[in-house]
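Report on one structure; see the data block that follows.
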Amino acid sequence: MKYRSLKKEKDFQRVFQQGKKINCPELTLIFLPGQNNSTNQVAIITSKAYFRKATQRNLIKRRLKAILRQINLAKNGLDIIIIAKTPLLTKKFEDLKIVVESIFQKAKLS
């Protein structure tokens, strides 16, 4: 999947307020059709409350970015926020990929 980073505060607020939210024990996915119709914008949030060490937060972000590059989304022009939760630390890459693919299928995005 081709994507850019979601960076602007107003975009974050718009997605949090108007977006559709899907929860699972490992992740929360919030998505909304964006204003840029050609590419998807993605933000990955790893909180200090869940991951105390910066190395843990960076590891989760790297893994999620790698998985997102491998997933083919059915739609373009989405703003996506992924919020990572604690159980991700115990998951291997392959298991994490299955979780991410299942949550995207649940959202009917892939």
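Condition check: of a type outside the set (D, E, K, R) and either touching a helix residue (DSSP H, G or I) at 6+ places or on another chain (Cβ under 9 Å) or at pLDDT below 90 (or both). Does S102 satisfy that? The answer is no for S102.
Just so you know, in the stretch 21-32 the residues that are in contact (Cβ under 8 Å) with a residue 60 or more places away in the chain and surrounded by 13 or more Cβ atoms within 10 Å (Cβ to Cβ) include one that is nearest to K91 (Cα to Cα), and it is E26.
Restricting attention to the stretch 33-66, the residues being out of contact with any strand residue (DSSP E or B) (no Cβ under 9 Å at 6 or more places or on another chain), over 22 Å from Q13 (Cβ atoms), assigned to a loop (DSSP other than H, G, I, E, B) and in contact (Cβ under 8 Å) with a residue 12 or more places away in the chain number 1. Summed over the stretch 3-20, the residues that are touching a residue at least 40 places away in the same chain (Cβ under 8 Å) and either in contact with a Ser or Thr (Cβ under 9 Å, 6 or more places away or on another chain) or of a type in the set (K, R) (or both) give a count of 3. Apart from one condition, K85 fits all of (1) surrounded by fewer than 17 Cβ atoms within 10 Å (Cβ to Cβ); (2) under 13 Å from the mean Cα position of the chain (by Cα); the exception is (1).
The values are calculated or read from the model by the stated rules, or taken from the named source; none is laboratory data. Note that the structure is predicted; figures quoted are calculated from it, not measured. For neighbour counting, all protein chains shown are included, and Cβ atoms are generated from backbone atoms with ideal geometry for every residue, glycine included.
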